[in-house]
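Following: one structure in structure tokens, then a few remarks.
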Amino acid sequence: MNKKALQVKMSLFTGIITTALLVGCQDVKPAEKIPSQSNDPKVVSETQQGNDPFAETEVQKDNTDDGYKILYGEWLVEKKIGESYRLDIQDVSDVIGKTFVFSKRRVIFCYHNEDTEIENPNYKITIIPLDEQTTYFPYMPRLSELGIIGSYVTIFSVRGYDVFFILKDDKSVIMFYKDAYLELRRIEHIEGYDAFYHAL
């Protein structure tokens, strides 16, 4: 075996041994500890879909976390205040003048011309960032045009129904129904609301 071939083999062997030693001696980082689910009823869990800045952030809160219960109470559907720019608008007169009730234990509202009552409702609560251009629903007026201001907005729905309620303030809620916006005015808070309610 000539001297040059021997040098190449020795260099190759040395390189392999050095690489193996370097890899073997590196610090192994322990796996990050995954936080266990808390039993604290006030813990808020947030789920964001991917890295899309327009994705919904769904916030689910236990009933002891009180701020979002501004929706609880009795409401009157007063008037239509906005509609889709591109879609044909369906008749929304079936809900004008109706009384809606929201609480922990039940929901009463009109849906497609039928009075609907749900015991122990399952609310979906969505909180999205808010600016002057935010629309949320396609081809609809900007939320700022409806008088909704702030750095975020909270949107409610009752799971299983395609009606959405956008919190404007303590006295009014905007309902998205049949590609139109309707304004609801608070009639009263539910009895005992102050036991679990704090204004936002």
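Does S151 satisfy the criteria of being surrounded by 16 or more Cβ atoms within 10 Å (Cβ to Cβ) and of a type in the set (S, T, N, Q)? For S151, the condition - surrounded by 16 or more Cβ atoms within 10 Å (Cβ to Cβ) and of a type in the set (S, T, N, Q) - is not met.
For beta carbons closer than 9 Å, sequence separation of 6+ or different chains, a first residue in the stretch 144-156 that is more than 27 Å from K104 (Cα to Cα) and touching a residue at least 12 places away in the same chain (Cβ under 8 Å) and a second that is assigned to a loop (DSSP other than H, G, I, E, B) and not aliphatic (A, V, I, L, M), the qualifying pairs are S144/D131; S144/E132; S144/Q133; S144/T134; L146/K168; G147/K168; G147/D169.
Can T126 be described as closer than 19 Å to K178 by Cβ, within 20 Å of the chain's Cα centre (by Cα) and of a type in the set (V, I, T)? When the stated conditions are applied, T126 does not pass them. Total residues in the stretch 89-116 satisfying the condition of being part of a loop (DSSP other than H, G, I, E, B), out of contact with any Gly (no Cβ under 9 Å at 6 or more places or on another chain) and in contact (Cβ under 8 Å) with a residue 12 or more places away in the chain: the figure is 13. Does I89 satisfy being over 17 Å from V173 (Cβ atoms), in contact with a strand residue (DSSP E or B) (Cβ under 7 Å, 6 or more places away or on another chain) and at pLDDT below 90? Considered against the rule, which asks whether it is over 17 Å from V173 (Cβ atoms), in contact with a strand residue (DSSP E or B) (Cβ under 7 Å, 6 or more places away or on another chain) and at pLDDT below 90, I89 comes out as yes.
Any chance the stretch 93-114 includes a residue that's surrounded by fewer than 16 Cβ atoms within 10 Å (Cβ to Cβ) and touching a Lys or Arg at 6+ places or on another chain (Cβ under 6 Å)? No, there is no match, as no residue in the stretch 93-114 is surrounded by fewer than 16 Cβ atoms within 10 Å (Cβ to Cβ) and touching a Lys or Arg at 6+ places or on another chain (Cβ under 6 Å).
The values are calculated or read from the model by the stated rules, or taken from the named source; none is laboratory data. No experiment lies behind these values; they were computed from the predicted model shown. Please note: Cβ atoms are built from the backbone with ideal geometry, for glycine as well, and neighbour counts cover all protein chains shown.
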